Amino acid sequence: LAKTTQPISMDSYEGQEVNITCSHNNIATNDYITWYQQFPSQGPRFIIQGYKTKVTNEVASLFIPADRKSSTLSLPRVSLSDTAVYYCLVGDGVRGNTDKLIFGTGTRLQVFP
Amino acid sequence: GAVVSQHPSRVICKSGTSVKIECRSLDFQATTMFWYRQFPKKSLMLMATSNEGSKATYEQGVEKDKFLINHASLTLSTLTVTSAHPEDSSFYICSAEGAGSDEQFFGPGTRLTVL
């Protein structure tokens, strides 16, 4: 399972765009990149998943360069409620295979008014 | 998305007692469930992988006789912390994965405090 490296913490202000980059130099061909959000005393919540290029949903965008050795989670116009820990994970996304998720340190995002 | 529940949400027990935590998939059948432990301001640490009808697979360093896992049905897995000690106090989180799916759905977690 590929190891991921993220910044330990980031600060931002309301209304700004936040980009959190994750390094995964040893990502395997079959690995997908998945981001989770966790609030204090809650279970992680799925945000977005991608394999290559760009993926966008209603809450975030995920940018993945051609070499796939890193990925960037982009949160547009953050609000105070986006204060949370964000985890980047890589794993075998092949359907039918059991995915053992190994969580890294995560990035603690603090949004200020 | 699919919903996973945990019960209880928080529990306080005396040292030496055993505590059972339930993890249920409410609207799908979970062939595989995972149990994690999380200490304050730390990341989630995978404890074990539980497959319905078979023995759980424990991660290195996790005592299988202390953390008993039972996955008796496709919607329920239980984690029993036996002879709990204060150092077992932690946030325990389960996740569930359905057959043919590659997405895990996490439960809300259970806060265990051992006095």
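Read the figures in this text as sums done on the coordinates, not as results from a lab. Every value quoted in this text rests on a predicted model; they were computed, and no experiment measured them. Virtual Cβ from ideal backbone geometry, glycine too; neighbours counted across all protein chains shown.
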Inter-chain shielding of A:56-68 (mean C-beta neighbours from other protein chains, 10 Å cut-off): 0
Surrounding net charge for B:SER5, when Lys and Arg each add one and Asp and Glu each subtract one, Cβ distance under 10 Å: 0
Shielding of A:35-44 by partner chains, average beta-carbon count, 10 Å: 5
Reach of B:LYS20 by Cα under 20 Å, taken over lysines that are not fewer than 8 positions away in the same chain: B:LYS55, B:LYS64, B:LYS66
11 Å reach of a label modelled at B:HIS85, 7 Å along Cα-to-Cβ, counting backbone N of the stretch B:14-57: B:16
For peptides A:53-61, A:82-90, A:4-12, sequence by mean Cβ density within 10 Å, most packed first: A:82-90, A:4-12, A:53-61
Over 28 Å (Cα to Cα) - which of A:LYS69/B:LYS42; A:LYS52/A:LYS100; A:LYS3/B:LYS14 fall in this group: A:LYS3/B:LYS14
Simple label model, 7 Å out from Cα along Cβ direction - B:ARG111 to A:TYR51, nm: 4.1
Net dipole in debye of chain A [+1 Lys, Arg Cβ; -1 Asp, Glu Cβ; about Cα centre; nearest 20]: 280
Residue with peak Gaussian network fluctuation, chain B [Cα springs, cutoff 10 Å], from B:CYS13, B:CYS94, B:CYS23: B:CYS13
Alpha carbon Rg of chain A, scaled by the compact-globule rule 2.2 N^0.38 Å: 1.02
Three principal axis lengths of chain B [C-alpha, angstrom, descending]: 41, 26, 22
Of A:SER41, A:SER81, A:SER71, the one that fluctuates the most in a GNM where chain A has Cα springs shorter than 10 Å: A:SER41
Of all DSSP beta bridges in the protein assembly as shown, antiparallel share, percent nearest 5: 90
Among B:LEU74, B:LEU46, B:LEU26: highest mean-square fluctuation, GNM of chain B, C-alpha pairs under 10 Å: B:LEU26
Neighbourhood charge, 15 Å Cβ-Cβ cut-off, centred on A:SER70 and excluding it, Lys, Arg +1 and Asp, Glu -1: +3
Total formal charge among the other residues, if their Cβ is under 9 angstrom from that of B:MET33, Lys/Arg +1 and Asp/Glu -1: -2
Cysteines, chain B, no other Cys beta-carbon under 4.7 Å: B:CYS13
